[in-house]
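The values are calculated or read from the model by the stated rules, or taken from the named source; none is laboratory data. This structure is a prediction, so every number in the text was calculated from the model and none was measured. Using ideal geometry, Cβ is built from the backbone for each residue, glycine included, and neighbour counts are taken over all protein chains shown. Just the protein is used for accessible areas: all its heavy atoms, side chains included, with ligands, DNA and RNA removed. Shrake-Rupley method; radii C 1.70, N 1.55, O 1.52, S 1.80 Å.
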Amino acid sequence: MSELAAGALRAAPERVAAAGELANLWRRLCRNRAAMVGAGIVALFVLLALLAPVLVPFNPIQGDLNDRLQPASGTHWLGTDELGRDVLSRIIVGARVSLQIQVVAVVLALVVGVTLGAAGGYLGGRLDDLIMRAMDVLLAFPSIFLALGIIAALGTGLVNLMVAAGVSSIPAFARIVRSSVLSLKEREFVEAARALGGGGGRILFRHLLPNCLAPVIVQATCRMATVLLTASGLSFLGLGVQPPTPEWGAMLSNARSYLIVAPHVATVPGLAIMVVVVGFNLFGDGLRDTLDPRLRQ
Amino acid sequence: MLRYILRRIFMLVPVLFGVTLVSFSLLHLVPGDPAEVLGGQEATKEDVERIRREYGLDRPLAVQYLRFAANAVRGDFGVSIQSRHPVRDLLLQRLAFTLQLSLASILVASAVGLLAGVVSSTRPYSLFDATSMLGALFGISMPIFWLGLLLILVFAVRLHWLPSGGTGTLLHLILPAIALGGASAAVIARMTRASMLEVVQQDYIRTARAKGHREGVVILRHALKNAMIPILTVFGLEFGSMLGGAVLTETVFSLPGIGRLLVEGIFARDYPVVQGAMILVGTTFVLVNLLTDVAYAFFDPRIRYE
């Protein structure tokens with residue numbers, strides 16, 4: 001038997017075991033009703049965002065001034081706003097904008113945070129001290145203040161909003177990965193990899209980081225909720241996504257002036273934010289319960 | 001204990017250094033010449049040169065930072081570009097409102113959160129428990145600014161019970177304190193329930209019951225007292241996070257606090273105000289966290305001996 005074939009045979013049971021473990025986790029997650037409700041909300045939100053161009057019944061940017069501040073009706077299911085734009089269409093496109101902000105900000109935070117946390121935890125010494133002190137400084141500001149500071153320097157707009165929301169989430173990922181790497185790097189399987197001649201990069205990427213995945217996935221899910229709240233808050237203040245782009249926080253901000261005559265314009269975007277945040281929180285909690293071995297027992 | 005406090009204060013030094021560095025960097029991250037940015041759109045060439053000399057912007061960056069940090073330590077954040085008043089005075093005027101709002105909110109959050117958490121833990125998996133924990137989930141997930149608008153709509157616009165914004169009386173504080181304290185009440189309720197459920201399973205609680213104490217005494221004197229340690233940490237963290245939430249609450253209810261000042265400063269490109277507000281809030285946040293750690297160590301000796 002060739003060496004390649006022997007290697008493949010050895011790897012096959014490992015793959016089967018990994019698939020078995022995944023199926024096991026999936027079954028446990030499915031048994032968690034709250035997590036499934038959360039997953040359902042998140043799936044609906046993602047579908048709405050992806051299919052937005054097909055689903056919108058009206059142009060979300062241009063409205064008819066003759067139809068301004070109309071209540072819910074057969075034509076406009078959620079009514080119209082101060083410029084006669086269909087609220088439902090703006091909510092649907094707003095989902096797309098929000099998802100875009102969440103994904104970019106969380107990926108940015110994840111990539112930078114995981115890199116810094118892994119480097120600090122694995123290499124230790126002065127580099128670790130430096131990285132962790134930098135994270136302490138970022139954590140010294142309430143996250144919305146840090147995001148406001150970044151907006152003050154970079155200016156308003158969608159891209160800067162993503163950067164601001166992303167940067168304020170970096171310390172969470174860095175801390176989690178660092179503590180996981182610190183506890184894992186002393187374990188036998190890492191020592192074995194080192195004894196077999198594995199280099200630093202190989203040990204980090206093949207052995208340590210895959211074992212940090214569970215807390216990172218949980219953190220990323222929960223961060224999607226936090227980023228949505230931060231980003232919509234900044235847009236509400238007028239410092240995030242700028243009009244006429246439909247964004248839920250910005251929609252709420254505009255609706256403030258019409259609270260007495262058309263409360264529905266302010267109610268719907270707030271409800272949308274809350275439902276999506278509830279979805280991510282429930283799903284994140286469910287993932288934590290499923291992936292944390294201490295909670296499994 | 002004193003050694004622990006001194007060690008924690010010593011650890012603050014690099015963080016506060018970082019806070020000033022981040023605030024200093026803001027002006028230098030803005031595209032363009034910092035002197036022109038500080039001068040505003042109407043500044044003449046002479047004005048820009050004067051500002052450059054006055055603020056030492058013609059010096060090396062390290063020298064500029066040292067001067068900025070030394071001034072900040074003395075509480076001198078320069079002069080507001082917009083109002084021409086010293087930034088320190090503006091901050092002090094606004095700080096009182098933000099602290100008042102944060103204190104009122106933590107009171108609301110503690111009262112609601114502790115009550116809901118304790119009652120839920122005494123009746124786990126009951127209808128009350130399920131309802132209050134569902135309420136806590138919504139409390140955590142609800143945007144502060146939306147809750148604020150809903151409160152205005154119901155209690156100010158429809159019922160005319162409370163003012164919709166502004167300052168003056170205690171009544172003006174009620175709606176903002178509920179809006180800002182809502183999320184924290186939810187966090188405190190969840191933490192109280194979890195902490196109490198852990199404590200009520202301990203042997204000393206069984207002993208207290210066996211001795212014939214009334215259930216109220218067991219819960220309040222024996223269980224809650226011991227469950228308070230982790231809850232105390234949450235109080236500190238939530239008080240700190242309220243400084244962040246105050247930005248949105250102050251905007252919704254038109255309150256003249258630090259958060260509102262920061263937002264106005266960003267719109268007006270009034271960088272001395274933005275820098276001053278960032279340093280003040282960062283320092284307050286760090287100090288609140290320090291106090292929380294010290295209180296935690298005071299109540300739980302295991303922490304200070306670690």
Which ones in the stretch A:119-129 are out of contact with any Ser or Thr (no Cβ under 9 Å at 6 or more places or on another chain) and either within 17 Å of A:Arg187 (Cα to Cα) or surrounded by fewer than 18 Cβ atoms within 10 Å (Cβ to Cβ) (or both)?
A:Tyr122, A:Leu123, A:Gly124, A:Gly125, A:Arg126, A:Leu127, A:Asp129
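Results for (1) open to solvent by 10 Å² or more (accessible area, probe 1.4 Å); (2) of a type in the set (A, V, I, L, M); (3) in contact with a Cys (Cβ under 9 Å, 6 or more places away or on another chain), shown as yes or no for each residue.
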site: A:Gly74; (1), (2), (3): yes, no, no
site: A:Gly79; (1), (2), (3): no, no, no
site: A:Glu82; (1), (2), (3): yes, no, no
site: A:Val87; (1), (2), (3): no, yes, no
site: A:Ala95; (1), (2), (3): no, yes, no
site: A:Leu99; (1), (2), (3): yes, yes, no
site: A:Val104; (1), (2), (3): yes, yes, no
site: A:Val107; (1), (2), (3): yes, yes, no
site: A:Leu110; (1), (2), (3): yes, yes, no
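Does A:Val265 count as at the interface with chain B (Cβ under 8 Å from one of its Cβ atoms) and assigned to a helix (DSSP H, G or I)? If you could, list the steps in order and put the result at the bottom.
Details: at the interface with chain B (Cβ under 8 Å from one of its Cβ atoms): no; assigned to a helix (DSSP H, G or I): yes.
Criteria not met by A:Val265.
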Test each condition in (1) at pLDDT 90 or above; (2) open to solvent by 10 Å² or more (accessible area, probe 1.4 Å); (3) closer than 30 Å to B:Ala194 by Cβ for B:Val247 and report the one that comes out false.
(2)
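From A:Leu209, A:Leu237, A:Leu271, A:Leu228, which residue is within 12 Å of another protein chain (Cβ to nearest Cβ), surrounded by fewer than 23 Cβ atoms within 10 Å (Cβ to Cβ) and at pLDDT 90 or above? Working first, answer last.
On the way: A:Leu209 fails: within 12 Å of another protein chain (Cβ to nearest Cβ); A:Leu237 fails: surrounded by fewer than 23 Cβ atoms within 10 Å (Cβ to Cβ); A:Leu228 fails: surrounded by fewer than 23 Cβ atoms within 10 Å (Cβ to Cβ).
Unique residue meeting the criteria: A:Leu271.
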Matching residues, the stretch A:240-261, being part of a helix (DSSP H, G or I) and open to solvent by less than 20 Å² (accessible area, probe 1.4 Å)
A:Trp248, A:Gly249, A:Ala250, A:Met251, A:Leu252, A:Ala255
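Name the residue that is most open to solvent (accessible area, probe 1.4 Å), counting only residues in the stretch B:86-104 that are touching a residue at least 40 places away in the same chain (Cβ under 8 Å) and among the small types (Gly, Ala, Ser).
Here is the first cut: in the stretch B:86-104, the residues touching a residue at least 40 places away in the same chain (Cβ under 8 Å) are B:87-88, B:90-91, B:93-95, B:97-98, B:100-102, B:104.
Okay, now just the ones that are also among the small types (Gly, Ala, Ser), so B:102, B:104.
Working: B:Ser102: 0, B:Ala104: 21 Å².
Only one residue fits best here, namely B:Ala104.
Quick grid of which residues meet (1) farther than 26 Å from B:Gly32 by Cβ; (2) open to solvent by 40 Å² or more (accessible area, probe 1.4 Å); (3) more than 11 Å from every other protein chain (Cβ to nearest Cβ):
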site	(1), (2), (3)
B:Gly212	yes, yes, yes
B:Val217	yes, no, yes
B:Arg221	yes, yes, yes
B:Leu262	no, no, no
B:Asp270	no, no, no
B:Gln275	no, no, no
B:Gly282	no, no, no
B:Phe285	yes, no, no
Between a residue in the stretch B:105-122 that is without any contact (Cβ under 8 Å) to a residue 40 or more places away in the chain and assigned by TED's automatic domain parsing to the domain that holds B:Val187 and any residue that is hydrophobic (A, V, I, L, M, F, W, C) and open to solvent by 20 Å² or more (accessible area, probe 1.4 Å), which pairs come within a Cβ distance under 8 Å, given they are 6 or more apart or on different chains?
B:Val119/B:Phe128
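Return a yes/no flag: does the stretch B:217-237 have any residue that is of a type in the set (Ser, Thr, Tyr), touching a helix residue (DSSP H, G or I) at 6+ places or on another chain (Cβ under 7 Å) and at pLDDT below 85. Outline the logic, then answer.
Of the stretch B:217-237, the ones of a type in the set (Ser, Thr, Tyr) are B:233.
Checking the rest, the ones that are also touching a helix residue (DSSP H, G or I) at 6+ places or on another chain (Cβ under 7 Å) come to B:233.
Remaining after also requiring at pLDDT below 85: B:233.
Yes: one or more hits.
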